[in-house]
Structure formats: structure tokens, C-alpha cells
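The structure under discussion appears below in the form of C-alpha cells.
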Amino acid sequence: MSHNVERMAKGDTLGEFELLILAALMMLGDNAYGMTIHEQTEKLAAGLRTVSLGSVYTTLDRLEQKGYVKSWFSDPTPERGGRSKRFFEMTGTGELALKNSMKLAGNVLAGLKEIGGVV
């Protein structure tokens, strides 16, 4: 049995939390800012792990350094006390990383199902 997965450089694989964050970004589209990303990530984690707002921002910063995410600040708004929101968007490289991580997870799941290791 062989599976074809586009090759990524060593160190370009996503950690579990990075995968959750990128999936949340994709689901949120134009409405991806700190609090909505945190809320969506909590839904995806579904009680399997704790999701703090600080860990979301730390991971977003790391993903931005890797070139998987870009961010910008909105104009300040009165309802936020004159503060601006920091919005996030996945880059093409981030989409490829998410796609490859999902392919890899699918391959693992298929292999485990073949041996009866996962129902």
C-alpha cells in the first residue's frame, strides 16, 4: 500500500494545535479575529483539550512567522473602546500545509482501519 502526499520540507508539518487554528481560520473566512478564532478552535477541540486565548495568539504568531498566516489591524471602533481588531487570513502556503496535514491524518486513519485498530 502506498499513498501519495505532496512533500513538505522537514519541520513544515503542523502540530495538532496549529492544525486546529488553521482549520478554524478556513471556517471563519473574513470573520477571523482573536475571539472568533478562539471560539471556533474550542468547538473543534470539543472538550478534548483546553484552549486558552493566549495559546491561540501564540500559535497565530508562530504560524505568521512560518508564512502560513498573515494579519492586519482594523480601524478602531467605538464599541471596542477605540481599539482595533487584529484579523487573520491563511496564506496559500498555509492552505497547502493544512491540506497535507489532513492527507497525512487520512492516511494514518486508513492504515489503522485496515488492521482493525480504529472503528
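The values are calculated or read from the model by the stated rules, or taken from the named source; none is laboratory data. All of these numbers come straight from a predicted model, not from anything done at the bench. Every residue, glycine as well, gets a Cβ built from its backbone with ideal geometry; the counts of neighbours run over all protein chains shown. For accessibility, only protein heavy atoms count, side chains too; no ligands or nucleic acids. Shrake-Rupley method; radii C 1.70, N 1.55, O 1.52, S 1.80 Å.
Checking each residue in the stretch 71-98 for being of a type in the set (Lys, Arg) and either in contact with a Ser or Thr (Cβ under 6 Å, 6 or more places away or on another chain) or under 16 Å from Glu16 (Cβ atoms) (or both) picks out Lys85, Arg86.
Residue-level analysis places Asn100 outside the set of residues that are part of a helix (DSSP H, G or I), touching a residue at least 40 places away in the same chain (Cβ under 8 Å), surrounded by 12 or more Cβ atoms within 10 Å (Cβ to Cβ) and more than 15 Å from the chain's Cα centre (by Cα). Tell me whether the stretch 23-46 contains one or more residues that are in contact (Cβ under 8 Å) with a residue 60 or more places away in the chain and open to solvent by 80 Å² or more (accessible area, probe 1.4 Å). Scanning the stretch 23-46, I find at least one residue that is in contact (Cβ under 8 Å) with a residue 60 or more places away in the chain and open to solvent by 80 Å² or more (accessible area, probe 1.4 Å), so the answer is yes.
Ser55 - would you say it is surrounded by 13 or more Cβ atoms within 10 Å (Cβ to Cβ) and assigned to a strand (DSSP E or B)? So Ser55 does not fit the description; no. Within the stretch 82-96, being without any contact (Cβ under 8 Å) to a residue 12 or more places away in the chain and either open to solvent by 60 Å² or more (accessible area, probe 1.4 Å) or within 22 Å of Asp30 (Cβ to Cβ) (or both) holds for Arg83, Ser84, Gly92.
Scanning the stretch 107-115 finds no residues that are exposed (fewer than 13 other Cβ atoms within 10 Å of the Cβ), among the charged types (D, E, K, R) and modelled with pLDDT of 95 or more. Among the residues making up the stretch 58-81, those that are in a helix (DSSP H, G or I) and either surrounded by 15 or more Cβ atoms within 10 Å (Cβ to Cβ) or of a type in the set (Gly, Ala, Ser) (or both) are Thr59, Leu60, Arg62, Leu63, Glu64.
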